[in-house]
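Before any comments, here is the structure.
Please treat every number below as a calculation from the coordinates, not as lab data. Computed from a predicted structure; not experimentally measured. Cβ coordinates were reconstructed from backbone atoms using ideal geometry, including for glycine residues, and neighbour counts include every protein chain displayed.
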Amino acid sequence: MFVAWLKEEPDKPLADIAAVAAEIDANEAVLVVPVTVLTEMQPSKFTAEQWDSFQKTLRRSNVVVADTTPAIAERASRLRDRAEAEGRKIKTGDATIIATAVVYGVAVLHTFEPKHINLSGSDVVEGLRITQPLPLSGQKGLL
Amino acid sequence: MSDNTITVRLVGADEDNGVVRFDDFREFCDNLAQCLRKSEAVVSSKRPRIPYRIRSLQSGSACVTLEALPPPNGQDHRKETLSLFRGTVASLQEGQAIDHRLDRDAIETYRRLISPLRANTKEVWIGQSQLTTQFEANIERILGTCVPSEGSVSGVLERVNVHNKREFVLYAPIPGYSIRCVFPDELFDQVRTAIKGHVTVWGKMYFRQDRPFPDMVHVKQMELHPPDDTLPTLGSLRGFAPDCSGGMESVEYVRGIRDE
């Protein structure tokens, strides 16, 4: 979702992402960002000024940059085991992000990856809600 | 019996004919009050405000029924507080999982409920639960499974305590989580200027299984964040780095990285 928002990709539901961002900016929601997601941002693809702004945004008081702790790593391993038992494969990076969301008890994990959205509410992800970006209020974003 | 009451009973040693020593009773009441206050703080995320009064008091074995009164103002958290307290006591005695919002400090306080058994008291009862040495063993097991790891955590710095120690409490952005931070002398000035500020601390963190935030951090380094109103918003990042995926569509870009 970060990349789509930073690029303002026209085929993505930008109004919905804007509504999510507005909730966070208004301190009505807490944003949990797994460090795994941050590794996908490469400074070489940003100007120094852009990179600085991005880093500063992560320092807001309701943004949690979530380390991969031993508890999250273990949860991710178990998640991969459960997926495998159902004949699915979840890559380590994806499993770590989902496990982070589970351990933090988030209301919802936002992604554009269909294979993760298909897991929403399942036992594999311990019932975690996984959706495309949508504000907690449930109100669709308006263009 | 009303939902707003807690009954506790202490039975003294045989050599005292079951009569409870005043020191044991006084210490137990102090610890009980602390447990109730900490349970209320967990459910309300605010400073505890529920007053309690003695509904009944019997001697012999010392039996007290406390009644939680409505707080003078604000939300009434009596039901959740007493439910958390009763549930935690029962779970700790039976070795079941406890509410993950209870931090190490709160669990240590619950542990002290059993301290009369180490003095001159034969039995401690809270409601229908008799607290035995198993209560303490279960607490040891919970606290003993803390996994240390190096890392960082952010939150609002409050409750600095420098009376014979160097500690503060960090309140995480997700309500209900507080983190005890022990810091070295050389950080004292930095801590003092950061009170009520949003900070990140780095150091050795002690996690209880399945908790997102550590119970305790031995702080090695600390950084005070600028106020939110001086930082960019998420909204302001819209379209601000169009080349951040090197020209690839976002899902393909992320998938490519995770497939590496």
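Restricted to Cα positions, what overall size does the stretch B:147-230 have along the principal axes? Three whole-Å values, descending.
Projected onto the principal axes, the Cα atoms of the stretch B:147-230 cover 34, 33, 20 Å.
If you plug each phi of the stretch A:44-49 into the Karplus form 6.51 cos²θ - 1.76 cosθ + 1.60 with θ = phi - 60°, what whole-Hz ³J(HN,Hα) values come out, in order, with x for Gly and Pro?
For the stretch A:44-49, the Karplus curve yields 5, 9, 10, 6, 4, 5 Hz.
Between B:ASP228 and B:LYS204, what is 0.36 nm times their sequence separation minus the Cα-Cα distance? Round to one decimal in nm. Display every interim value, and only then the final one.
Values: separation 24, 0.36 × 24 = 8.64 nm, distance 2.69 nm.
Length gained, B:ASP228 through B:LYS204: 5.9 nm.
For the stretch A:70-77, just list the computed ³J(HN,Hα) in residue order, Karplus coefficients 6.51, -1.76 and 1.60, θ = phi - 60°, integers in Hz, with x standing in for Gly and Pro.
Each residue of the stretch A:70-77 in turn: x, 5, 5, 4, 5, 4, 5, 4 Hz.
log10 I(q)/I(0), Debye, Cα-only the stretch B:1-123, no solvent, q = 0.10 Å⁻¹?
-0.32
Restricting to Cα pairs below 8 Å that are 6+ residues apart, what does the relative contact order work out to for the stretch B:35-122? Please round to a whole percent.
Dividing the mean separation by the residue count of the stretch B:35-122 yields 28 percent.
Grab the beta carbon distance between B:GLN75 and B:SER236, set R0 = 30 Å, and tell me the FRET efficiency rounded to 0.05.
Efficiency for this residue pair is about 0.30.
Over the Cα atoms of the stretch A:49-116, compute the convex hull volume and normalise it per residue, giving Å³.
112 Å³
Do you know the relative contact order of chain B, to the nearest whole percent, from alpha carbon pairs under 8 angstrom that are 6+ apart?
Across chain B, relative contact order equals 17 percent.
Considering all alpha-carbon pairs of chain B, what whole percent are spaced by more than 32 angstrom?
Result for the distance tail: 39 percent.
Rounded to a whole number, what is D in µm²/s for the stretch B:109-169 from Stokes-Einstein with the Kirkwood radius over alpha-carbon pairs (20 °C, 1.002 mPa s)?
143 µm²/s
Could you work out [θ]222 nm for chain A from helices alone, using -39500 (n - 2.57) per DSSP H run of at least four and dividing by all its residues? Round to the nearest 500 deg cm²/dmol.
So the calculated ellipticity at 222 nm is -13500 deg cm²/dmol.
Counting Lys and Arg as +1 and Asp and Glu as -1, what is the net charge of the other residues whose Cβ lies under 15 Å from the Cβ of A:ASN27?
Local charge sum for A:ASN27: -3.
Listed here are the pairs A:LYS56/B:LYS46; A:LYS115/B:LYS204; A:LYS115/B:LYS79; A:LYS91/B:LYS196; A:LYS12/B:LYS220; which of them are more than 31 Å apart at the Cα?
Details: A:LYS56/B:LYS46 29 Å; A:LYS115/B:LYS204 36 Å; A:LYS115/B:LYS79 42 Å; A:LYS91/B:LYS196 40 Å; A:LYS12/B:LYS220 43 Å.
Table pairs above 31 Å Cα-Cα are A:LYS115/B:LYS204; A:LYS115/B:LYS79; A:LYS91/B:LYS196; A:LYS12/B:LYS220.
Specify the inter-centroid distance of the stretch B:209-242 and the stretch B:46-100, based on alpha-carbon positions, in whole Å.
Centre-to-centre distance over Cα atoms comes out at 36 Å.
How crowded by other chains is A:48-60, given as the mean number of beta carbons from other chains within 10 Å of each beta carbon? Intermediate results must be reported in sequence, preceding the final value.
Working: counts 0, 2, 6, 2, 1, 6, 5, 2, 5, 7, 5, 9, 12.
Going residue by residue through A:48-60 and averaging, the value is 5.
Viscosity 0.692 mPa s, temperature 37 °C: what is the translational diffusion coefficient of the protein assembly as shown from Stokes-Einstein with a Kirkwood Rh over Cα pairs, rounded to a whole number of µm²/s?
It comes out at roughly 138 µm²/s.
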